[in-house]
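The structure under discussion appears below in the form of structure tokens.
The values are calculated or read from the model by the stated rules, or taken from the named source; none is laboratory data. Quick caveat, the model's predicted, so the values are computed rather than measured. Positions of Cβ are backbone-derived with ideal geometry, glycine not excepted, and every protein chain shown enters the neighbour counts.
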Amino acid sequence: MDQTIQTLLNHRSIRRFENTPLTEEQIEILVKCAQSASTSSFIQAYSIIGVKDREKKEALAELAGNQSYVANNGHFFIFCADLYRHHLIGEREGIKVEESLESTEKFMVAVIDASLAAQNLCIAAESMGLGICYIGGLRNNLPEVNKLLRAPSLVLPLFGVSVGYPAQNPEKKPRLPFSQIYHENEYRQDEDVSYNSLEEYNEILSSYYKDRTNGVRSDKWTSQMAQMLSQPQRMYMKEFIENKNFGKR
């Protein structure tokens, strides 16, 4: 099998790393790989903040929900939607760009650009024998994260990525069936087919949890998702995003 495909299919989140920092060369290679990702209209609407300072990493770990692997890793990257530099471009060129920068469309462009760059970095890291873990928990308290990172208007921290040498080798978690994800020509809306496929997946995931926890857990994916979605989270987000001058139009 092609090595790139094998790397992609072998992905798993790593939450325990060796106490070995990445070298400056590794960091630069990973960032350059991130920059090689596709970007809408060449706008490059993202920035990456690398956090080395121990106190900041520990503060971020606490803000992310006391996730120790935010502090204990080889390097911690934070991906930000970034239209601040484009605001500066408007000033430099003497052209009004605010209406465009505050649009929902440009907000989506910035989020997508940052996500594509992050996935490039993660694939590169795994191809180098490193492990990664995405950290969405930073959005638990973005005002404090924002303050810690001194992110100006039009810069929005989206998520972090912990990278380092794995100190564990967890079993790969089963994904949804191909038929649930892939639709051809149009979106399938056959509920019976969908329910049957989801039930098959429930059994697969329940078995995975039983094996992984020696029978302590056996929950099903649909009940897991329903419980999570019944409790709205981070409901401050819309107001916070608008206060950062994103998605106001």
Hey, does the stretch 7-30 have a residue that's part of a strand (DSSP E or B) and either among the hydroxyl-bearing types (Ser, Thr, Tyr) or crowded, with 17+ Cβ neighbours inside 10 Å (or both)? yes
Which listed residue is among the charged types (D, E, K, R) and assigned to a loop (DSSP other than H, G, I, E, B), from Lys96, Lys106: Lys96
Just to be sure I understand, how many residues within the stretch 132-153 are among the charged types (D, E, K, R), part of a helix (DSSP H, G or I) and surrounded by fewer than 18 Cβ atoms within 10 Å (Cβ to Cβ)? 2
Just a yes or no: is a residue in the stretch 83-93 surrounded by fewer than 14 Cβ atoms within 10 Å (Cβ to Cβ) and either more than 22 Å from Glu242 (Cα to Cα) or under 20 Å from the mean Cα position of the chain (by Cα) (or both)? yes
Looking only at residues in the stretch 112-122 that are crowded, with 19+ Cβ neighbours inside 10 Å and of a type in the set (A, V, I, L, M, F, W, C), which one is nearest to Pro170 (Cα to Cα)? Cys122
Please go through (1) in contact (Cβ under 8 Å) with a residue 24 or more places away in the chain; (2) closer than 30 Å to His75 by Cα for Thr213 and return the number of the only condition it doesn't satisfy. (1)
Tell me whether the stretch 99-111 contains one or more residues that are under 30 Å from Pro21 (Cα atoms), surrounded by 17 or more Cβ atoms within 10 Å (Cβ to Cβ) and in the same structural domain as Val31 (by TED's automatic domain parsing). yes
Residues (crowded, with 23+ Cβ neighbours inside 10 Å and in a helix (DSSP H, G or I)) located in the stretch 62-82: Val70
Are any residues in the stretch 1-24 aliphatic (A, V, I, L, M) and in contact (Cβ under 8 Å) with a residue 12 or more places away in the chain, and if so, which ones? Leu8, Ile14, Leu22
Take residues that are touching a Lys or Arg at 6+ places or on another chain (Cβ under 9 Å), over 30 Å from Thr104 (Cα atoms) and not assigned by TED's automatic domain parsing to the domain that holds Val111 and tell me which of the helices (runs of 4 or more DSSP H) falling wholly in the stretch 175-249 contain 2 or more. 191-213
Residue by residue through the stretch 203-238, note down the ones that are over 12 Å from Lys173 (Cβ atoms) and among the charged types (D, E, K, R). Glu203, Lys210, Arg217, Asp219, Lys220, Arg234, Lys238
Checking the structure you have, find out if any residue of the stretch 162-184 is over 24 Å from the mean Cα position of the chain (by Cα), of a type outside the set (D, E, K, R) and surrounded by 13 or more Cβ atoms within 10 Å (Cβ to Cβ). yes
